[in-house]
Amino acid sequence: MAVYKFTEQRIEECVAKRKRIRNWFGVIAVLVLAAVGLLYFFFPGTLILHVPIWGPLLGILVTIFLPWNWKSWPDKVRRSLLQTSVEISPSSVATSGLSEFKREFSIGEILRAEDAKFGGGYYLRTSNRYRWIVIPRRICGYDGINQELRTAGIRVVRTTIPPNWEEFAGMLLFGAILICSAAVHNIYLLSANLFVAVLLSYGVFFVVNANPDVKSHPMMRRAKFGAFLPAAFAAAGLWFALHR
């Protein structure tokens, strides 16, 4: 059995990279707040500033982009990476970590390993497209995992994006729904926006429930409630337009 883990040096490299990403998120959040402040100060009559849903939407965007827990976050990342491991044997592949329970697939379950160009490592796929695990690209010994997987009888293929494409399309559509809910004032367009949002919420709920780990993984249970956010925002946008 081959076991792969993060070394202290690699952990510090990962923490430094994530800090840079979080810093950029912080810059984006500050720029958004500054832009809104300038609009209020120099152009108080700007129509979008007076849409009731704009305030809650801005708050959520800032909450997403503004990095929190500056002091405790790096240590949490270090502990998570330190306990992350990948085990490859002739009969199974298993991954485990601090923030995730141990997940193990038998070799017979794994259809292929996808090496995504824009992904974070090898994505091991099963017959259920929503049941998969990832081997992190930055884990020590990653270069030798390709041969290890092939030796175990797992087919390795090159892809462009990680699984699954519909999840990325759903995120883009959710962003479009938020923009439409905050910036559009036409009742008919907002009604169509609500209809699309309901379909999207149903689709996201289906995707979440299709994952076999939905009942055992805390993040999956929270995702079930998050599936209704597109419909909630679209409904709020339409309600404010009808009652303004």
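Nothing in this text is a laboratory measurement; each read-out follows from the coordinates by a stated rule. All values reported here derive from a predicted model rather than from experimental measurement. No Cβ is skipped: glycine too gets one built from the backbone with ideal geometry, and neighbour counts run over all protein chains shown.
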| request: Would you list which lysines come within 25 Å of residue 102, measuring only between C-alpha atoms, while excluding same-chain residues fewer than 8 positions from it? | output: 5, 76, 215, 224
| task | Add +1 for every Lys or Arg and -1 for every Asp or Glu among the other residues with Cβ under 13 Å from the Cβ of residue 173, and state the total. | result | -2
| Potential extension, residue 195-residue 23 segment - 0.36 nm per residue separation minus Cα distance | 58.2 nm
| query | Using 7 Å Cα-to-Cβ label points, what is the residue 206/residue 31 separation (nm, one decimal)? | reply | 3.7
| field | Over the range 95-244: Kirkwood hydrodynamic radius from C-alpha pairwise inverse distances, Å | value | 17.6
| Pulled fully out, how much extra length does the chain show between residue 80 and residue 167, if you take 0.36 nm times their separation in residues and subtract their Cα-Cα distance? | 28.8 nm
| said: I need the calculated FRET efficiency for the pair residue 232 and residue 186, taking r as the beta carbon distance and R₀ as 22 Å, to the nearest 0.05. | reply: 0.65
| task | Please report, in whole Å, how far the alpha carbons of the range 89-133 spread along each principal axis, starting with the longest. | result | 26, 25, 20
| field | Mean-position separation - Cα centroids, the range 69-94 and the range 95-158, in angstrom | value | 15
